[in-house]
1. Taking the stretch 136-180, which residues are under 16 Å from the mean Cα position of the chain (by Cα), closer than 18 Å to CYS36 by Cβ and in a loop (DSSP other than H, G, I, E, B)?
2. Return only the number of the condition from (1) out of contact with any strand residue (DSSP E or B) (no Cβ under 7 Å at 6 or more places or on another chain); (2) of a type in the set (Lys, Arg); (3) under 24 Å from VAL15 (Cβ atoms) that LYS137 does not satisfy.
3. Could you give me the residue pairs with C-beta distances under 6 Å whose first residue belongs to the stretch 137-149 and is under 23 Å from ARG30 (Cβ atoms) and at pLDDT 95 or above, whose second residue is open to solvent by less than 20 Å² (accessible area, probe 1.4 Å) and in a strand (DSSP E or B) wherever it lies, and which are 6+ apart or on separate chains?
4. Which residue is modelled with the lowest pLDDT, if the candidates are limited to the stretch 150-176 and must be open to solvent by less than 50 Å² (accessible area, probe 1.4 Å) and under 13 Å from TRP129 (Cα atoms)?
5. Going residue by residue through the stretch 77-85, is there one that turns out to be touching a Phe, Trp or Tyr at 6+ places or on another chain (Cβ under 7 Å) and within 19 Å of VAL13 (Cβ to Cβ)?
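The values are calculated or read from the model by the stated rules, or taken from the named source; none is laboratory data. Everything numeric here is computed off the predicted structure, so don't read it as measured data. In this analysis, Cβ positions are derived from the backbone assuming ideal geometry, glycine residues included, and neighbour counts consider all displayed protein chains. Surface accessibility is based on the protein's heavy atoms, side chains included, excluding ligands, DNA and RNA. Shrake-Rupley method; radii C 1.70, N 1.55, O 1.52, S 1.80 Å.
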Amino acid sequence: MRITGGVLSGRKVSVPNGNNEIRPSMDRMRESVFACLGDISGLSFLDIFTGSGIIALEAASRGASVIEAVEQDKLKRKTLLENVSISPVRINCKFIPAELYVKRSSLKNEQPPFDIIFLDPPFYYKFKWELVENIAKSSLVTGGSRILIHRPRNDYLNADIEGLKKIDSREYGRSIVDFFLFFN
C-alpha cells in the first residue's frame, strides 16, 4: 500500500498480520475521502479500527496536527508502530477495543474533541451504528466534528442518530463511506 497524498505521498506502508480480517482501504477510496474533507491542516483526527494506520498516515501527510489511532488487535501492533514512525507528526496509538476507548473517553472527559473521526470497522462487525451513536454522545465530538464510517453497501443506517446529520455518502465498489456532521 502507498500513501496517496500530502508530504508522504508515494511512501509504502506494510499490511499487518492479525487474527481479524485485513481489508486495507483502497487507494481510490482514500484519495476521494480526503478530497471530500478538503484542507485538514491543523485539525485533529481520530482513526478507529486503524489496522495498518494508513488512514492516520494519510491525515498526517495532509497536515492534521493531532492524530490518534485505535486498534484492538495486538498482533497488528508491531507493523502499526513501524508504519506510523514515518509520520511527520506524532500519531498516538491506543491498543484497546473501540467500544472501550469511546466509553473511557466519555467517562474521563479529559480527551479534547476531534475535528474528524474515521471508523473502518471489519465488515462483519455488527455494532457499527451503536458505536457511532455512542461517539455522538461522547466528549470525542463537538459542534462541527465530522464522523465518517466505511461500511458494506448492504449495511445501512435505519434511523437517525441524535446530534448527527448525514451530509454525504460515497460509493466505492461494494462499500460506502458515509459522512456525518455533529451538531449540538
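1. Within the stretch 136-180, SER145 is the sole residue that qualifies.
2. (3)
3. Qualifying pairs under 6 Å: ARG146/ILE116; ILE147/ILE117; ILE147/PHE180; LEU148/PHE118; LEU148/VAL177; LEU148/PHE179; ILE149/LEU119; ILE149/ASP178.
4. Filtering the stretch 150-176 for residues that are open to solvent by less than 50 Å² (accessible area, probe 1.4 Å) and under 13 Å from TRP129 (Cα atoms), the one modelled with the lowest pLDDT comes out as ASP155.
5. Kept after step one, since they are touching a Phe, Trp or Tyr at 6+ places or on another chain (Cβ under 7 Å), are these residues of the stretch 77-85: 77.
Still in the running and within 19 Å of VAL13 (Cβ to Cβ): 77.
The answer is yes; a qualifying residue exists.
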